[in-house]
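Remarks on the structure that follows.
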Amino acid sequence: MNKNITRIALTGGPCAGKTTALAQIIEHFSDLGYLVYALPETPTLFSNASINFGTPDRQYFYNIEKAVMKYQLQMEDTFLELAHTAPHPVLIISDRGTMDISNYIERTMWQALLDELGLSEIKLRDARYDAVIHMVTAAQGAEEFYTLENNASRHETVEEARDLDARILKAWTGHPHLHIVENNVDFQEKIRHVLHAIHETLGDDPATFTDIRRRFLVQVRGEIPFGVETDLYQAYIDMEDGSSVRIRKRGLRGNYVYFMTRKSPIESQSIITERQIGPDEYISYLNSIPSPDEVLVHKLRRNFVWAKQYFEVDDFIEPKRDYQVLEISCAPDQEVKFPPFIEVLKEVTGDPVYGRL
């Protein structure tokens, strides 16, 4: 069974460039030997089948959105099943993901939909995709290129497009690998940033992309606005073969997903692989530790977006520390725009003393 499968949700506001990005993703990664499954945008399929999303019938509208969710899940699961039988590495790109649906439906309807289908928002957001790439709408920073002409179902004004873009980004905030691709460069450079984000997700040689994970010791002064909170439990285990394993349990209020990351030294470098695991394997790893309570760390992670930058701030619940740790993906020489409620104590990127926080 093929296990070399990567799933990515490509999302963003109206007129963000997803169609062009998808075409270049297919060409670029096909040339590198990947089978690329580009899954179409489900609401567009429904619109092309004469489904009226603007219906005034609330019950019918709810049933439409429920059908969209069921179709999206079935389509993604079908291609995942097919990918397991493929003879080559597979890259599955979903044109919009499951959490996008939440932005087109009232909150009460959304919760009812989740309850009826037995779904969890945490698992829809964090467990289905290895990464989420949010392409910012042209209406935010590239207004001269915002147009309704190349998409018959697009009807948003510039202000409406900005609002929708922000809501979509908020819906995905909290995903462990969320990449924000802005309009502060020319369009081809924007596409290149998308390709770099995928290379990073695939674990390719860092020379193929520019972003690194930078880490800072900070203190949070006041409340974090618009933050998404996630409970995170993690432990590091040193294996007999010289590798290091990190296990993580993340979620909220009883809805958790589990991950295992292995760092293996190969000659002069380290190879890092990550995969989702089940709760039984998580417990098995914990049971392999003589005193799991001594190495298990409980953190409260708060993810938020500030000035189009995606931040993660960890508060240490157990064991307690007198600082927080902030992480951000950016270029090594990029100036980080810290919000006023964050006091930076020092940067600790690459410092082995803080390597296992």
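Some notes on this structure:
- Test: residue in region 303-313 that is surrounded by fewer than 18 Cβ atoms within 10 Å (Cβ to Cβ) and under 25 Å from Lys123 (Cβ atoms): no
- Every pair of residues 6+ apart whose Cβ atoms lie under 6 Å, when the first sits in region 289-300 and is more than 14 Å from Ile247 (Cβ to Cβ) while the second is open to solvent by 50 Å² or more (accessible area, probe 1.4 Å): Leu300/Ile317
- Only one of the numbered conditions (1) out of contact with any strand residue (DSSP E or B) (no Cβ under 6 Å at 6 or more places or on another chain); (2) at pLDDT 90 or above is not met by Glu327, and that is (1).
- Residue identified as touching a residue at least 40 places away in the same chain (Cβ under 8 Å) and among the acidic types (Asp, Glu) among Glu312, Glu327, Glu281, Glu335: Glu327
- Here region 50-60 is the region considered, the condition is being open to solvent by less than 70 Å² (accessible area, probe 1.4 Å) and of a type outside the set (Ser, Thr, Tyr), and the residue that is farthest from His155 (Cα to Cα) is Ile51.
- Residues in region 61-74 that are among the hydrophobic types (A, V, I, L, M, F, W, C) and open to solvent by 20 Å² or more (accessible area, probe 1.4 Å) were compared, and the one that is nearest to Tyr34 (Cα to Cα) is Leu73.
- Yes/no for Ile93 being open to solvent by 40 Å² or more (accessible area, probe 1.4 Å) and of a type in the set (A, V, I, L, M, F, W, C): no
- Filtered residue count, region 123-141, keeping only those that are on the phi < 0 side of the Ramachandran plot and either open to solvent by 20 Å² or more (accessible area, probe 1.4 Å) or outside the structural domain of Val185 (by the TED database) (or both): 5
The values are calculated or read from the model by the stated rules, or taken from the named source; none is laboratory data. Quick caveat: nothing in here was measured; it's all calculated off a predicted structure. Cβ: placed from backbone, ideal geometry, glycine included. Neighbour counts: every protein chain shown. Note: accessible area is taken over every heavy atom of the protein model, side chains too, but ligands, DNA and RNA are not part of it. Shrake-Rupley method; radii C 1.70, N 1.55, O 1.52, S 1.80 Å.
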